[in-house]
Amino acid sequence: MPLLLVSTAGDRRFALSGRASLIVGRDPVCDLPVLHPAVSRRHAEVQADEAQDSLSIIDLASRNGTWINGARISRAVATVGDTVAFGTVTFTLQRAELVPLRPTPSLSSVDPGSTLLRERLVPSRAQALADVAAATDRATARLTQLVQIAQRLGTFGELDALLEAIAADLFDTFDADRVAVLLTGPSGELDTRIARDRHGAIPRPVPRAIAHGVAERQVALLTNDAGTDTRTAGESVLQQAVKSAMAAPLLGEGRSTLGVLYVDHLRDRDVFNDDDLAFLVAFAGIAAAAVERETTAEQLVQAERVRENFERYFSPQLAQRIAAHTTRVVPGGERRDVVVLFSDIRGFTAIAEALPATQMAEQLNEYFTAMVDCVFRYGGALDKFIGDAIMAYWGAPDADEDALPHALAAAEDMQRDLAALNARWTREGRPTWSVGIGIHAGDAFVGNVGSPRRLEYTLIGDTVNVASRLCSLAPGGAILVSEHVAQQLAMLGRRAAVAPALRYARRDGGDCAAWCVSPGTDEAPGA
């Protein structure tokens, strides 16, 4: 009599009859995969003896042991009725005749005498494979087909190609007029990613009554008269004249619904049977694992791209944190207190005209790299390059209580690092540069600005304009700050390093004082 290992939890069942020795383990490639952390990758070897109604078991040096009726064993024989545990996962050895097939749930909304509609609870992937083996005379051929499908789907490294392969396998497996693969989108709605008929054309959308019911209730469905079955007879089913159809959910880890597999027949009723439904459930388990793998891989690649993009504008630590909490970029922003810094190379136009383009680009790249490092060193953010100018800021997207000291320290480092670059460029016979820097503090609009096609996270407001104006007035080697910033620096004990420099016109017709910061000294510079 055929033998089965049936888990006490009811979620796993393995057929053992007529098969050579089998490996039990957590590794999915094992003959009897038990995907549980208490089970070793290769946990035990088992071999059934139908004549004796027994199962020979050899423990393969597993971490949590193999047990028969509560006693740990290294090599032993279990008989029908014994409990066998691999780690903490317990099974009972039973004859197949004693284990009824999983019942098909009845539907209160369908005539009890009807045989048109079937729903099937979706078990674990391992259980689905076991059901295929136990439920049909074509077990060997179908299991072989499932193994081939699993091997093929495991070779794809790109989601769209994987979905095309799944659609092709559905056509090869079932007598279907149409097949489709739907995936759950970010908002939870089903999106038809692949829909094909046998001519390769893209047919009309999958009937919502079927696909959404399967996804929401996490059950596999078979109907052989979709137009009259109350659970499937939606408007789209009637419009498309669907006769027979099957659908199964793609369930990921934690039984999250990743999507739906769908097949239908437009010409005949009674095309699909219960064995087909069991096979589709097993197929969906394999496909779900492959889809989850590729979806996760795509998400990791996208997250890395987002992080790399943010690292162009923020320090690596801040970029990592922002990327981890970023979902969808939308227009909008808020007003925040910020410190804005502008730097600009003096006489750059004449320098650029005198140098070959490649040398100019190389020297400019060296300069920008050094200056951006100074900004990031003190937790600042790079807004943009404007020709040879740099705009940076502190206080957004996260508040920074030390934004002003950080901005000033970055400006001082920028002048010192440029002096070091100039010394090297002089030795190499290249032209030297001088830079003016302007700093202002105040409130500004901070957020995503632009069009739906291209949004830019930036700062807008008078604080930005004043900082830019101060930069344009700053002589080479100088750091000019607004009177407001000078007052704040005085409060921070930097009075001796700040001195009046000049007055400049404001946009409202008045004037304002600019103060000069002397980098790295406690002596006041000359006005």
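The values are calculated or read from the model by the stated rules, or taken from the named source; none is laboratory data. Predicted, not measured: the structure shown is a model, and the values here were computed from it. Please note: Cβ atoms are built from the backbone with ideal geometry, for glycine as well, and neighbour counts cover all protein chains shown. In case anyone asks, the SASA skips ligands and DNA or RNA and just uses the protein heavy atoms, side chains included. Shrake-Rupley method; radii C 1.70, N 1.55, O 1.52, S 1.80 Å.
Brief remarks on what is shown
- Scanning the range 252-274 for residues being part of a strand (DSSP E or B) and surrounded by fewer than 23 Cβ atoms within 10 Å (Cβ to Cβ) gives a total of 3.
- 2 or more residues of a type in the set (Val, Ile, Thr) and either open to solvent by 60 Å² or more (accessible area, probe 1.4 Å) or closer than 22 Å to Pro475 by Cα (or both): qualifying helices (runs of 4 or more DSSP H) within the range 327-442: 348-354, 357-377
- Residues that are at pLDDT 60 or above, over 12 Å from Val263 (Cα atoms) and among the β-branched types (Val, Ile, Thr) were ranked within the range 206-245; the one that is farthest from the chain's Cα centre (by Cα) is Val219.
- Of all the listed residues (Ala71, Ala61), the sole one being open to solvent by 30 Å² or more (accessible area, probe 1.4 Å), at positive phi, at pLDDT 90 or above and of a type outside the set (Val, Ile, Thr) is Ala61.
- Taking first residues from the range 391-413 that are under 19 Å from Ser468 (Cα atoms) and partners that are assigned to a loop (DSSP other than H, G, I, E, B) and of a type in the set (Asp, Glu), the Cβ contacts under 6 Å between residues at least 6 apart in sequence or on separate chains come to Trp394/Asp400.
- Within the range 37-49, the set of residues being out of contact with any Asp or Glu (no Cβ under 7 Å at 6 or more places or on another chain) and either surrounded by 15 or more Cβ atoms within 10 Å (Cβ to Cβ) or not in a loop (DSSP other than H, G, I, E, B) (or both) comprises Ala38, Val39, Ser40, His43, Glu45, Val46, Gln47, Ala48, Asp49.
- Sole exception among (1) surrounded by 12 or more Cβ atoms within 10 Å (Cβ to Cβ); (2) modelled with pLDDT of 85 or more; (3) of a type in the set (A, V, I, L, M) for Ala303, by number: (2)
- Within the range 9-25, the set of residues being within 14 Å of Phe86 (Cβ to Cβ), modelled with pLDDT of 80 or more and open to solvent by 20 Å² or more (accessible area, probe 1.4 Å) comprises just one member, Ile23.
- Some residue of the range 443-466 being part of a helix (DSSP H, G or I) and of a type in the set (A, V, I, L, M, F, W, C): yes
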